[in-house]
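Note sheet for the following structure.
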Amino acid sequence: MVVLINYCYRIKDISVTLLNIGDILYILDIDEIRSIADSIGSSTSNPEDQFERLNNVLYKEFKINLPKGLKKASLEKFRDIISSPLVYERAVNSILKRKIIEGENNITIKNPKALYRIGILSFREPIKLDLIVEGSVGNFFAAGCNFNGTWTVKGHAENGLADKGYSGKIVVDGLATELAGQNNQATEISNGVDILVRKGCMERAMGQARGGSLITFGAGYNSGLYMSGGILLNLGTPGKAFGPGMVGGTIYSPNGTTVGEGATIQDLNKLDYKVILSVLKKFKAELGIEGLDRFSPENNTLYITNNGNSEEYNFKNFIKINSTE
């Protein structure tokens, strides 16, 4: 394992341990970037000097450059360079992208502190990457993601988790606020992102989804809003009015879930059990599912372990929500 830590402006390689052949673990501590910025801010208050010096250090240590337009945007929106979230977002994503291009496929991010828009890497072709974020992430984490591997958030995720995602597998150990899996994509070359949220989602989970899947232990008001594809499997307490305006896709949720205009409730059939099985298989290891190999309309009980708690789920107590069209 290669661990890289920056002291002031220097990065030191402090340990090497073999992982699987070809795998290297790169640790990016965002506090290192904050430390660099704070050091520059304490020595000069001139925005021009701050931006130039910050860019010079980031290039020296990480071989990245921030675009000049970022200086203007930061001053207009936040009246500051050193504390501008735009600077940190761009720096983090640029470092990640460079490391991936250099061959890194196992990365850990420390101290995200709910930073917005990280994990937006804009690769056209799927990249091979396992990513762990040690903490909570802000709005639009992994937006537009296109990867093979698993991204794990050891905290919560704010609005727009994996917005317009194309491929990948995401696990959130905490909760997700509004619009988890929004615009989940299914195209000629993508199937959408598969997401597990262990502590539940707030409003409009899988809103406008076209593909992919979301397993959540609780989903809020208007989940499945305008769905046209994909699967939402809610294993917890439901909010009100699921699936308003949906024209495709499928929602599975416990009995008692109410629907919005444009959605209808049906009983599960044999095909539904196969669909649920295919979604759960993607997270079999993460959820420690017992009974999955025998799962059917006749064997409809599963034991699922989430956050250390094993519970029984009898799917005869679930309903299917589809569009009325």
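Since every read-out is calculated from the coordinates, none of them should be taken as a lab result. Everything numeric in this text was worked out from a predicted model, so none of it was measured. A quick note on method: Cβ atoms are made from the backbone with ideal geometry, for glycine too, and the neighbour counts reach across all protein chains shown.
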Legend entry - Label selected from (i) 20.0; (ii) 23.7; (iii) 20.9, the criterion being Kirkwood radius over Cα pairs in Å as computed here: (iii)
Inset, instruction - Report the relative contact order of the stretch 112-325, percent, no decimals, based on alpha-carbon pairs under 8 angstrom and at least 6 residues apart. - result: 12
Inset, instruction - Kindly put 261, 125, 178, 52 in sequence by how many other C-beta atoms sit within 10 Å of each C-beta, fewest to most. - result: 125, 261, 52, 178
Legend entry - Residues whose placed amide H lies under 5 Å from that of residue 258, excluding near-sequence neighbours: 241, 242
Inset, instruction - Report, in degrees rounded to the nearest 10, the 0 to 90 angle that the Cα long axis of helix 270-281 makes with the longest principal axis of the chain. - result: 30
Legend entry - Expected 222 nm ellipticity per residue - DSSP helices of 4 or more, -39500 (n - 2.57), all of the chain, to 500: -7000 deg cm²/dmol
Legend entry - DSSP-defined antiparallel bridges as percent of all bridges, the chain, nearest 5: 30
Inset, instruction - Would you kindly state how much longer the chain becomes between residue 324 and residue 72 on full extension, computed as 0.36 nm times their sequence separation minus their alpha carbon distance, in nm to one decimal? - result: 85.8 nm
Legend entry - Whole-Hz ³J(HN,Hα) from phi, Karplus 6.51 cos²θ - 1.76 cosθ + 1.60, for the stretch 241-253, glycine and proline x: 6, 6, x, x, x, 5, 10, x, x, 9, 10, 10, 7
Inset, instruction - In whole angstrom, note down how far apart the Cα centers of the stretch 222-294 and the stretch 61-80 are. - result: 43
Legend entry - Given charges at beta-carbon only (K, R positive; D, E negative), |dipole| of the chain in Debye: 460
Legend entry - Exposure proxy order (Cβ contacts within 10 Å, fewest to most) of 305, 177, 250: 305, 177, 250
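Work through the residues other than residue 292 whose Cβ is under 9 Å from its Cβ and net out their charges, Lys, Arg +1 and Asp, Glu -1.
Combined, the nearby Lys, Arg, Asp and Glu give +1.
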Legend entry - Separation in nanometres of the label points that stand 7 Å from Cα toward Cβ, at residue 281 and residue 83: 5.2
Legend entry - Amide H partners (placed H, <5 Å) of residue 195, local residues excluded: 170, 213, 214, 215
Inset, instruction - Identify, among 136, 264, 59, the residue whose Cα sits farthest towards the positive end of the charge dipole of the chain, taking +1 on the Cβ of Lys and Arg and -1 on the Cβ of Asp and Glu, with the dipole about the Cα centre. - result: 59
Inset, instruction - Name the residues whose placed amide hydrogens come within less than 5 Å of the amide hydrogen of residue 81, ignoring near sequence neighbours (fewer than 5 apart) on the same chain. - result: none
Inset, instruction - On a 0 to 90° scale, report how tilted helix 47-62 is relative to the longest principal axis of the chain, with both axes built from alpha carbons and the result rounded to the nearest 10. - result: 70
Legend entry - Efficiency of FRET from Cβ geometry, residue 122 and residue 42, R₀ 25 Å, rounded to 0.05: 0.15
Inset, instruction - Determine the distance separating the Cα centre of the stretch 110-153 from the Cα centre of the stretch 172-213; give it in Å without decimals. - result: 14
Inset, instruction - Round to the nearest 10 and give me the degree value, 0 to 90, for the angle of helix 85-101's Cα axis relative to the longest principal axis of the chain. - result: 80
